[in-house]
Structures are given as structure tokens and as C-alpha cells.
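What follows is a short report on a single structure.
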Amino acid sequence: MILPVLKYGHPVLRQKGARIEAITPEITRLIEDMLETMYAAAGVGLAAQQVGIPLQLTVIDVKDVRDRPSTLEIGSHPATIHDHMPLVLINPELKPLGKPVVGPEGCLSFPELYADVERPESVDVTAMNGRGETIRFRCGGLLARAVQHETDHLHGILFIDRMSSETKKELKPELDVLQETTKAALKKGAKDQ
């Protein structure tokens, strides 16, 4: 089922997600719905907060992105990205590696807004997958950026929080409109109930 993606200004986007202790049928269904939603929106990542559920769960799939390469290592050996997508990360823990690099980012909760964001060029990741197994890997390129972006969501951090003050200032008019539109829709929804 395709779920509605919350837009900037919705309070759930600022909530820290609760840890997931077990893979229940509800969690499995949520993972399936999040993947369907991400693909329908042509995104490369989606966090549970973005569909209104503050949990430590994100889905990522960068296999079809050709212009921004990704790297993946499992057990110190290079791995093929295509073989490991989509990724389901539950309760992810990241260890940043390498120097910070600037790269373009967008977000399904910020339609049509893109900006350069500085992030470490690679990360070590420990998480649980959708089967409840612990997974560990190192990633770089777009995958590292997506993992960091989505893990931020799980802690209530948005990509605008990582932008330079100049970039955020340039985008302020669009951000203000998006936030006001979301708040007005929430207010209207509350009145309609």
C-alpha cells in the first residue's frame, strides 16, 4: 500500500524514532508499504517518520542511480550494490569515515527542493535487517549519503539542518511556503475530524 509522505512542517518529522526490538507482522507490512511508497515516489530512501510512524526504520535502494556511484564493502570485501538492494535498516548505528564531501541532496518531504550538503564520504553501518539479522557494512558515494540522510530522519534531523546557513537562507522562501502549507493542511484536517 502506498502511504502518504509527510511534508516539511509536520511535527512527526522532528520526532526521534523508537527502537524496534522484534520483527512483528506489523513491522514486516510497514517495510513492504515503505518500499512501495519509496518506489512510487521515485526516491532512493524513506524513513518511517516520513510516513508518520516514529520508529528506527528506513528503506534504501540506490541500484538504479547511474550518475552518482556507490560503493559497498561487506567483511572488508567489495560487494555488488545490485545484489544488496533494497536495504532495510532497523536501529542503524553509523560510524563516519573519511573527510567530509559536499554533494547534492533532495528529500521526499521537501518536494522539488535540492541543495548541497556536507557529509562524511563513507560510513560503517551496523543495523538489523528486515529479517531481524544483524548486518554490518561499509559504504561510500551515494549510498553513504543516503544512509546518513535517512538515519538523520530517524533522529528527527532534516537535511536542511545540515545545509550551510547561506544555502538555507537562499531556500527560506520555499521552506516557509512548504511549512505553512503543511501546517494549514494539519489545521484543516483537525477541524474536519
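Observations on the model:
- Residue within the range 39-52 that is hydrophobic (A, V, I, L, M, F, W, C) and touching a His at 6+ places or on another chain (Cβ under 6 Å) present: yes
- Scan the range 171-182 for residues that are over 22 Å from the mean Cα position of the chain (by Cα) and either acidic (Asp, Glu) or surrounded by 14 or more Cβ atoms within 10 Å (Cβ to Cβ) (or both) and the total you get is 1.
- Residue check, VAL65 touching a helix residue (DSSP H, G or I) at 6+ places or on another chain (Cβ under 8 Å) and at pLDDT below 95: yes
- Of all residues in the range 126-148, those being in a strand (DSSP E or B) and either among the basic types (Lys, Arg) or crowded, with 22+ Cβ neighbours inside 10 Å (or both) number 4.
- Search result, residues across the range 91-120 that are surrounded by 15 or more Cβ atoms within 10 Å (Cβ to Cβ), closer than 22 Å to LEU55 by Cα and either without any contact (Cβ under 8 Å) to a residue 60 or more places away in the chain or touching a strand residue (DSSP E or B) at 6+ places or on another chain (Cβ under 8 Å) (or both): ASN91, PRO92, LEU94, GLY106, CYS107, LEU108
- Positions within the range 90-125 being assigned to a strand (DSSP E or B), closer than 23 Å to TYR39 by Cβ and not hydrophobic (A, V, I, L, M, F, W, C), in sequence order: PRO92, GLY103, PRO104, GLU105, GLY106, PRO111, GLU112, TYR114
- Among residues of the range 1-25, those that are in a loop (DSSP other than H, G, I, E, B) and free of Cβ contacts under 8 Å to residues at least 12 places away in the same chain, counted: 2
- Selected residue (criterion: nearest to GLU170 (Cα to Cα)) from residues of the range 107-140 that are among the small types (Gly, Ala, Ser) and in contact with an Asp or Glu (Cβ under 8 Å, 6 or more places away or on another chain): ALA115
- Qualifying positions in the range 149-170 - surrounded by 17 or more Cβ atoms within 10 Å (Cβ to Cβ) and part of a helix (DSSP H, G or I): HIS149, GLU150, THR151, ASP152, HIS153, LEU154, PHE159, ILE160, ARG162
The values are calculated or read from the model by the stated rules, or taken from the named source; none is laboratory data. Only a predicted model underlies this, so the values are computations on that prediction, with no experimental measurement involved. Note that we place each Cβ from the backbone using ideal geometry, even for glycine, and neighbour counts take in every protein chain shown.
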